[in-house]
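Comments concern the structure below.
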Amino acid sequence: MEEKNRKGIGLFALVAIIISGAIGGGVFNLANDLANGAAPGGVVVSWLFIGFGMLMLVLSFNRLITTKPALSGVSDYARAGFGDFVGFLSGWGYWISAWTGTIGFSVLMMTSADYFFPGKFAEANGSLTVLSVIIVSIISWILMFLVDRGIETAAVVNAIVLIAKLIPLVVFSITGIVLFKANVFTQHFWETFTTNLAADGSVREVIWHTMTGGALVGQIKTSLMVMVWVFVGIEGAAMMGNRAKKKSDTAKATIIGLSVLLVIYILLSLLPYGFMDQATLANVKAPGLVYILNEMVGGWGGTLMAVGLIISLLGAWLSWTMLPVEATQLLAEQKLLPRWFGKLNKFHSPSNSLLITQLMIQIFIIITYFVANAYNVFIYMATAVIMICYGLVGAYLLKLGIQEKSWSSILIGFFTFAFQALALYLSGWQYVWLAMILYTVGFILFVKAKRENGRKVTKREWVAMGIVTLCALMALVFLIRGGHTGTALDLRGLLGF
């Protein structure tokens, strides 16, 4: 029986944590990202699909928090269900996802700054300028040192960041509703477009086509990564269940939080289609909401949205600086990484993990100078890898449901796993292939941790590492020599090389 006076987090606070944790920078670029590949009808169908998948995911987390309170983190669920190696893949993948996500934040922040100083911080192809690389490198190291000194996201900072996120989004939603034109929204609701280009590359003519069933599936494919990305982080809020005043509040909060997020995201993704047609919306510069609100109400709207986005991204960046470190620290506690990664300094921060993570971030920040469409490259990689982690959560619940003969757990676990697997299949495996290279780096540490703790690497683990390493080598070959093949493995084309 739950204690009536038990201290902990209440229902409203849990809902606020979910909303604040999930709304990051991606929502500010949601509309034009979707318009690049989907008409309004395709977006609506995609939201139905994504909404169901996310609902199954939060229900899986809720069920595991309640039935397996001793476990914590996605890697713990994977390890408990499928052994050390799968647990390591999940935790190391979560680490990759978290720090590549912070690079996405940095790119979007500098493209927001480019609103005030056009051409200074971002190139037309989506890569960063040298000045931007220097600025985000400095910010990244400052945030690392703050966290290293034990300074984490305080309640005041969270409050400021949440307000900075919500005020411009509320303003945009109200403005979008007032200026919404039904005839613009419905004119090409089920149509797709192609462009007829002039010799100089400018758009001569936009040609609209009736959308086929195959085209609808294609639009769902292009929407998947964008839509799933804006929910990344929702698992962190679900993990707060053990600190809730009532265990029952966790399930309520996640459902309420997911419902609120869906309403916000659907409004922000569909309202722009009632102001601009898809072809115009697809050509809006990133971050989309900044330039769309600027078109709606003038310069003050763009300024409000850009300032709100920059503050929001700084707050999210600070929070996400700890996410990859928490993953490696948990792996060290599980003896899946060497003890060196879990070592704490006098401020109780894992300095070694922070340093290694920061070095990886620095390397890839430099890469943003060379990569076209850098924001999408890094957030898609972060999303693809974490979808594997999410899928393993569903697979573990499915396994428990079969063992316990619980049909509710079986169904929730199955649909969670099936959604993540299908979403990965539909969106393509390019980003998973790229991540394989980073997985292989972790294998050296996994083997070292096993030996450090007096345990042998099993034959199955060696075989699994061999398969992943082979995939990584193939990815490198395609990256270096693949060229623009037009295939699913066109990694050079993917990165804009």
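The values are calculated or read from the model by the stated rules, or taken from the named source; none is laboratory data. What you see is a predicted model; the values in this text were computed from it and never measured. Cβ placement follows ideal geometry from the backbone for every residue including glycine, while neighbour counts extend to all protein chains displayed. All accessible areas refer to the heavy atoms of the entire protein, side chains included, with ligands and DNA or RNA removed. Shrake-Rupley method; radii C 1.70, N 1.55, O 1.52, S 1.80 Å.
Okay, here's what the table says:
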read-out: Residues that are among the β-branched types (Val, Ile, Thr) and open to solvent by less than 40 Å² (accessible area, probe 1.4 Å), drawn from region 338-367; value: 357, 361, 365
read-out: Qualifying positions in region 328-340 - out of contact with any Phe, Trp or Tyr (no Cβ under 6 Å at 6 or more places or on another chain) and either polar (S, T, N, Q) or without any contact (Cβ under 8 Å) to a residue 12 or more places away in the chain (or both); value: 329, 333, 334
read-out: Pick from region 278-291, criterion in contact with a helix residue (DSSP H, G or I) (Cβ under 6 Å, 6 or more places away or on another chain) and not hydrophobic (A, V, I, L, M, F, W, C), ranking: surrounded by the fewest Cβ atoms within 10 Å (Cβ to Cβ); value: 285
read-out: Given (1) at pLDDT 80 or above; (2) not in a helix (DSSP H, G or I), number of the condition residue 463 does not satisfy; value: (2)
read-out: Residue within region 431-450 that is over 30 Å from residue 352 (Cα atoms), open to solvent by 40 Å² or more (accessible area, probe 1.4 Å) and at pLDDT below 90 present; value: no
read-out: Every residue from region 22-52 that is surrounded by 23 or more Cβ atoms within 10 Å (Cβ to Cβ) and small (Gly, Ala, Ser); value: 22, 24, 25, 26, 31, 35, 38, 39, 42, 46
read-out: Selection from region 52-85 of residues that are among the small types (Gly, Ala, Ser), part of a helix (DSSP H, G or I) and at pLDDT below 90; value: 75
read-out: When residues of region 222-253 are limited to those that are among the polar types (S, T, N, Q) and more than 18 Å from the chain's Cα centre (by Cα), the one modelled with the lowest pLDDT; value: 242
read-out: Filtered residues of region 328-337 (kept if in a helix (DSSP H, G or I), of a type in the set (A, V, I, L, M) and open to solvent by less than 10 Å² (accessible area, probe 1.4 Å)); value: 331
read-out: Residue within region 127-134 that is open to solvent by less than 10 Å² (accessible area, probe 1.4 Å) and of a type outside the set (Ser, Thr, Tyr) present; value: yes
read-out: Residue 87 vs. criteria open to solvent by 20 Å² or more (accessible area, probe 1.4 Å) and closer than 15 Å to residue 395 by Cβ; value: no
read-out: Filtered residues of region 116-126 (kept if more than 22 Å from the chain's Cα centre (by Cα) and either surrounded by 22 or more Cβ atoms within 10 Å (Cβ to Cβ) or among the basic types (Lys, Arg) (or both)); value: 120, 121
